[in-house]
1. Out of the helices (runs of 4 or more DSSP H) lying entirely within region 18-135, which hold 2 or more residues that are open to solvent by 10 Å² or more (accessible area, probe 1.4 Å) and under 23 Å from Gln225 (Cβ atoms)?
2. So Gln217 clears everything in (1) touching a Pro at 6+ places or on another chain (Cβ under 7 Å); (2) assigned to a helix (DSSP H, G or I); (3) over 19 Å from Gly301 (Cα atoms) except one condition, right? Which one?
3. When only residues in region 139-185 that are of a type in the set (Asp, Glu) and farther than 20 Å from Leu98 by Cβ count, which is most open to solvent (accessible area, probe 1.4 Å)?
4. So which of Asn210, Asn262, Asn284 ends up being out of contact with any helix residue (DSSP H, G or I) (no Cβ under 9 Å at 6 or more places or on another chain), in contact (Cβ under 8 Å) with a residue 12 or more places away in the chain, outside any strand (DSSP E or B) and within 30 Å of Gln149 (Cβ to Cβ)?
5. When you go through Ala243, Ala259, Ala220 one by one, which is the residue that is open to solvent by 10 Å² or more (accessible area, probe 1.4 Å) and small (Gly, Ala, Ser)?
6. If you check every pair at least six apart or on different chains, which have Cβ atoms under 9 Å apart with a residue in region 23-46 that is among the hydroxyl-bearing types (Ser, Thr, Tyr) first and a residue that is open to solvent by 30 Å² or more (accessible area, probe 1.4 Å) and at pLDDT 95 or above second?
7. Within region 331-376, which residues are aliphatic (A, V, I, L, M) and surrounded by 19 or more Cβ atoms within 10 Å (Cβ to Cβ)?
8. Against the condition closer than 26 Å to Ser274 by Cα, out of contact with any helix residue (DSSP H, G or I) (no Cβ under 9 Å at 6 or more places or on another chain), modelled with pLDDT under 95 and hydroxyl-bearing (Ser, Thr, Tyr), how does Ser129 come out, does it pass?
Amino acid sequence: MSQRDNQRTTNTAISGAATMRFRDESVPIALFGEMGKDFGAAEIAQMEKAARLPVAVKAAIMPDGHPGYALPIGGVIGLDNAVSPSFVGYDIACRMMLTILDIPPEEFMVNREKFTHDMRAVTSFGVGSDFKGKSRRDHAVMEDPLWDQIGVVRNLKGLAWNQLGSSGGGNHFMDAVIGEVLTQVDWLPRPVGSRFVGILTHSGSRGTGNKLAQHYQKLATHETQQIAQGIPNGYEWLSLSGAGGQEYWQVMQLMGRYAQANHTLIHDIFLRRSGLKSAGRWENHHNFAFEENGMIVHRKGATPAMRGRIGLIPGSSGTASYLVEGLGNTDSLDSSSHGAGRLHSRTECRRLYDESAFTTHMRDWDILGVGIQPDETFQAYKDIEHVMSLQEGRLVRSIARMKPVVVLMGGRADDGD
């Protein structure tokens, strides 16, 4: 079936005149890694289910791919005129931000304790973390009219405002990093080998995004059941020709702006408190859907990597992160990994945790860590250097390698990846 015919079938099915079916075979899936070495059977099975949807067009798994809910983390898929809330993820618009600071690395390290205190003061970590009452923060995003135009969004405005500028739990973090320039580019006019200090953050749309994702996933389940047969749980979608799909699309964009505001507040308040200035800032979403090349491209734990697009790929709490530039690989749907990727489930990571190895590693790397749980240590993740080797020159080129020197995290997971 051609994409145009599929579009026609989708629109007809919404009206109840036709029934769509789960395909017998998947659309093409590009793997950026080796089966049995970089990927296991579970994430491949999840991706193949997604690629058998009647609205699927093209798919890929990034080098950090591992099992998620329905679509694997590191999964990228283009759908025809359709958006899937579960493929976007339950932390809508989870994202990265890097601010380079106007301070030499040596001076930062001499005053690391002071700057760590500043970092801890400017955000809030942990399950349900917020800034209620007098400490509640303000940002223009809360004046967006959409907060009052959609009932389910209006009911969550108070929660969103209380959590504005917070980081949450799980794999969300605020790091101080020392970077080394690997490739000189116009947008980072520093010589190769030069070093810089940066603040690197990872978080999303907090409890509000999680609750909205659950709401629209239920709506997607209901709508898909009306138009299709044999669709597995979690793989449902909303047609962008319908009111539900259009509403979710607007809400997703709002959560993108809200998540961006969370990062902006954390970075800007840190600058004011520390007395430092920004020497450059870059950011990207990695749980989002984008209208690109005639498809709705879902990147669940994947970074946009169009040619020339700047992206951030974090490692773990004890390994390097990367500032990269996209190469526009069409097989990957212009995407790259969003991190190192988990080796095991959280439960298994806790079972395998080696406290002595963790303590030794953090001491040897000279990393000051706060709030790092056993399921968030370097032992829980794939080797970021191997993950980068699978995409270097294919999906991205590395511009800078950044070593963590302060890592703040929030303990137990709350909002998901």
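The values are calculated or read from the model by the stated rules, or taken from the named source; none is laboratory data. Because the structure is predicted, anything quoted here is derived from the model rather than measured. All Cβ positions, even for glycine, are placed from backbone atoms using ideal geometry, and neighbour counts span all protein chains on display. Side chains included, ligands, DNA and RNA excluded: accessible areas come from the protein's heavy atoms. Shrake-Rupley method; radii C 1.70, N 1.55, O 1.52, S 1.80 Å.
1. On the way: elements: 41-51, 85-88, 105-110, 112-122.
Answer list for region 18-135: 41-51.
2. Result: Gln217 passes all but (3).
3. Of all residues in region 139-185, those of a type in the set (Asp, Glu) come to 143-144, 148, 175, 180.
Then keep just the ones that are farther than 20 Å from Leu98 by Cβ; that gives 143-144, 148.
On the way: Glu143: 142, Asp144: 32, Asp148: 85 Å².
Step by step, filter region 139-185, then rank; the result is Glu143.
4. Numbers: Asn262 fails: out of contact with any helix residue (DSSP H, G or I) (no Cβ under 9 Å at 6 or more places or on another chain); Asn284 fails: outside any strand (DSSP E or B).
Asn210 is the lone residue from the list that is out of contact with any helix residue (DSSP H, G or I) (no Cβ under 9 Å at 6 or more places or on another chain), in contact (Cβ under 8 Å) with a residue 12 or more places away in the chain, outside any strand (DSSP E or B) and within 30 Å of Gln149 (Cβ to Cβ).
5. Details: Ala259 fails: open to solvent by 10 Å² or more (accessible area, probe 1.4 Å); Ala220 fails: open to solvent by 10 Å² or more (accessible area, probe 1.4 Å).
Of Ala243, Ala259, Ala220, the one residue that is open to solvent by 10 Å² or more (accessible area, probe 1.4 Å) and small (Gly, Ala, Ser) is Ala243.
6. Ser26/Glu48; Ser26/Lys49; Ser26/Arg52
7. Applying the first criterion (aliphatic (A, V, I, L, M)) to region 331-376 yields 333, 340, 343, 352, 357, 362, 367-368, 370, 372.
Selection gives Leu333, Ala340, Met362, Ile367, Ile372.
8. On the way: closer than 26 Å to Ser274 by Cα: yes; out of contact with any helix residue (DSSP H, G or I) (no Cβ under 9 Å at 6 or more places or on another chain): no; modelled with pLDDT under 95: yes; hydroxyl-bearing (Ser, Thr, Tyr): yes.
Spelling it out, it is not the case that Ser129 is closer than 26 Å to Ser274 by Cα, out of contact with any helix residue (DSSP H, G or I) (no Cβ under 9 Å at 6 or more places or on another chain), modelled with pLDDT under 95 and hydroxyl-bearing (Ser, Thr, Tyr).
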